[in-house]
Amino acid sequence: MKKKLFHIVLAVVLALSLLAGCSPQSKDTGVPADTGADTEEAAETGGNNEAGGEAAAQKGLIGVSMPTKDLQRWNQDGDNMQKQLTEAGYEVDLQYAGNEIATQVSQIENMIANGCKLLVIASIDGDSLGTVLVQAKDAKVPVIAYDRLIMNSDAVTYYATFDNYMVGTKQGEYIRDSLDLDNAEGPFNIEIFTGDPGDNNAKFFYGGAMDVLNPYIESGKLMVKSGQKDFETVATANWSSENAQNRMDAIIASNYGDGTKLDAVLCSNDSTALGVTNALVASYTGPYPIITGQDCDIANVKNMIAGKQAMSIFKDTRDLAVQTVKMVDAIMQGGEAPINDTKSYDNGTGIIPTYLCEPVFADANNYKELLIDSGYYKESDLQ
């Protein structure tokens, strides 16, 4: 009897020992059952549980509307936005509108209907989105105007862009310094090309450059032989290379066909600069003028290396995407987006709080450092 009782007690002790050895582990997560320091640290960083993944999935759907795939820069903008928003935990609906206003409006309507929680919009025409943005406002969907300011709509919450006036200023200063306008006798001949009249940025580019150059035009040191100087005349519909080339062809035929030297062409971006260069190659016999540009498109950088274009403003769209994602994050968390300008950009309904990134210029002397060493392009892209 005593022997039997001994075996019963021994079995109970062994069972209790086994239970004690197993109890600290959770069979679902593998995380120790105690709530010591290691467990708290794991909880703060997401640990190995599913909360982090669920939180990312619940961040929401962001609509990104880009104007066209026809210009290299918008492809880069779209890719950068999609990549960085996805890495930040958002779902992304990225759409390109083929430079068709009606298409962009329809795409934005669909984004709102499909439950996008915030819209990032690079508009084709800053004055053409008023009606669809009323829908966004009614649905309480915040709107970030991306690179191009959306005009005459109180639905625009923030604006993210580069300092567009500075872009023009740098282009004007490059021409001023290259021609040594403060010291050289002159006169020098210049022609002027800016962008689409419906793009509010074009006015800033033009204004920044002309504030630098106009004093030299008024003094006679710079001559615009075509007489085409005011914004409406020098604007280029759709930023089209073909439109710029056709206008430059006519200017050359009327003013420079007799061997008169053209010293500089102010072009607000690379697509207009490409059209101007094509016209010069076809019918201009003098030395290449100083040609400005913007965006560092591959074809234009190749022209820069070949001596056919002097410079291009480099706007690293990766930086703009980073800042835009920060703005998206702040808004989605119920806070205020980071901004650094509260006075420059009035869209007709009031000042739009803005974040401005700073542009720099690339030319034959520094393009490798800016474009290749930074990883923006591979050297093989430019060969």
* Asked: Which one of Glu336, Glu358 is within 30 Å of Gly307 (Cα to Cα) and either free of Cβ contacts under 8 Å to residues at least 60 places away in the same chain or surrounded by fewer than 15 Cβ atoms within 10 Å (Cβ to Cβ) (or both)?
  -> Glu358
* Please find, within segment 119-136, the residue that is nearest to Phe162 (Cα to Cα) out of those that are more than 17 Å from the chain's Cα centre (by Cα) and not in a helix (DSSP H, G or I). => Asp127
* Identify, from the list Ile331, Ile339, the residue that is in a loop (DSSP other than H, G, I, E, B) and of a type in the set (A, V, I, L, M, F, W, C). => Ile339
* Asked: Which of the residues spanning segment 217-248 are among the hydroxyl-bearing types (Ser, Thr, Tyr), in contact with an Asp or Glu (Cβ under 9 Å, 6 or more places away or on another chain) and closer than 24 Å to Asp177 by Cβ?
  -> Ser226
* Which of the residues that make up segment 190-225 are in contact with a Leu (Cβ under 7 Å, 6 or more places away or on another chain) and surrounded by fewer than 20 Cβ atoms within 10 Å (Cβ to Cβ)? -> Lys221
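With respect to Gly350, determine if the residue is modelled with pLDDT of 95 or more, surrounded by fewer than 20 Cβ atoms within 10 Å (Cβ to Cβ) and on the phi > 0 side of the Ramachandran plot. Break it down into steps so the answer makes sense when it comes.
Working: modelled with pLDDT of 95 or more: yes; surrounded by fewer than 20 Cβ atoms within 10 Å (Cβ to Cβ): yes; on the phi > 0 side of the Ramachandran plot: yes.
Here the answer is yes, as Gly350 does meet what is asked.
Looking at segment 189-199, is at least one residue in contact (Cβ under 8 Å) with a residue 12 or more places away in the chain, within 24 Å of the chain's Cα centre (by Cα) and within 15 Å of Pro289 (Cα to Cα)? Steps first, answer last, please.
First pass over segment 189-199, keeping only residues in contact (Cβ under 8 Å) with a residue 12 or more places away in the chain: 189-199.
Restricting the remaining residues to those that are within 24 Å of the chain's Cα centre (by Cα) gives 193-199.
From what's left, within 15 Å of Pro289 (Cα to Cα): 193.
Yes, the conditions are met somewhere in segment 189-199.
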* Could you figure out which of (1) touching a Gly at 6+ places or on another chain (Cβ under 7 Å); (2) surrounded by 22 or more Cβ atoms within 10 Å (Cβ to Cβ) isn't true of Asn152? => (2)
* Asked: Is segment 364-375 home to any residue that is surrounded by fewer than 15 Cβ atoms within 10 Å (Cβ to Cβ), over 30 Å from Ala155 (Cα atoms) and hydrophobic (A, V, I, L, M, F, W, C)?
  -> yes
* Asked: Of the residues Thr161, Thr169, which is out of contact with any Gly (no Cβ under 9 Å at 6 or more places or on another chain), closer than 30 Å to Ile291 by Cα, buried (at least 19 other Cβ atoms within 10 Å of the Cβ) and touching a residue at least 12 places away in the same chain (Cβ under 8 Å)?
  -> Thr161
* Please state which of the following conditions Asp147 fails to meet, knowing it meets all the rest: (1) crowded, with 19+ Cβ neighbours inside 10 Å; (2) modelled with pLDDT of 95 or more. => (2)
* Return yes or no: is Ala102 part of a helix (DSSP H, G or I), without any contact (Cβ under 8 Å) to a residue 12 or more places away in the chain and of a type in the set (A, V, I, L, M, F, W, C)? => yes
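Considering every residue within segment 165-172, establish whether at least one is among the hydroxyl-bearing types (Ser, Thr, Tyr) and assigned to a helix (DSSP H, G or I).
If we filter segment 165-172 for residues that are among the hydroxyl-bearing types (Ser, Thr, Tyr), which is where we start, we get 165, 169.
Those still in the list that are assigned to a helix (DSSP H, G or I) too: 165, 169.
Yes, segment 165-172 has at least one match.
Quick grid of which residues meet (1) over 26 Å from Glu100 (Cα atoms); (2) of a type in the set (D, E, K, R):
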site: Phe205; (1), (2): no, no
site: Gly208; (1), (2): yes, no
site: Leu222; (1), (2): yes, no
site: Lys225; (1), (2): yes, yes
site: Ser254; (1), (2): yes, no
site: Gly259; (1), (2): yes, no
site: Asn269; (1), (2): no, no
site: Gly307; (1), (2): yes, no
site: Ile313; (1), (2): yes, no
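Report whether or not Gln333 is over 30 Å from Leu222 (Cα atoms) and touching a Pro at 6+ places or on another chain (Cβ under 9 Å).
Details: over 30 Å from Leu222 (Cα atoms): yes; touching a Pro at 6+ places or on another chain (Cβ under 9 Å): no.
Criteria not met by Gln333.
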* Structure fact -> Residue hits (segment 293-309; within 17 Å of Ser241 (Cα to Cα), small (Gly, Ala, Ser) and surrounded by fewer than 23 Cβ atoms within 10 Å (Cβ to Cβ)) are Ala299
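Step by step: first the residues of segment 240-292, then only those that are of a type in the set (Ser, Thr, Tyr), farther than 24 Å from Phe314 by Cβ and out of contact with any helix residue (DSSP H, G or I) (no Cβ under 6 Å at 6 or more places or on another chain), then the one that is surrounded by the most Cβ atoms within 10 Å (Cβ to Cβ). Which residue is that?
Taking segment 240-292 as the starting set, the residues that turn out to be of a type in the set (Ser, Thr, Tyr) are 240-241, 254, 256, 260, 268, 271-272, 277, 283-285, 288, 292.
Retained after the next criterion (residues that are farther than 24 Å from Phe314 by Cβ): 254, 256, 260, 283-285.
Of the ones still in play, those that are also out of contact with any helix residue (DSSP H, G or I) (no Cβ under 6 Å at 6 or more places or on another chain) are 254, 256, 260, 285.
Working: Ser254: 11, Tyr256: 22, Thr260: 12, Thr285: 10.
The residue in question is Tyr256.
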* Selected residue (only one of Asn75, Asn110, Asn80 is outside any loop (DSSP other than H, G, I, E, B), surrounded by fewer than 21 Cβ atoms within 10 Å (Cβ to Cβ) and either of a type in the set (Val, Ile, Thr) or over 18 Å from the mean Cα position of the chain (by Cα) (or both)) -> Asn110
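The values are calculated or read from the model by the stated rules, or taken from the named source; none is laboratory data. Since this is a predicted model, take the numbers as computed values, not measurements. Cβ sites come from the backbone with ideal geometry, for glycine too, and all protein chains shown count toward neighbours.
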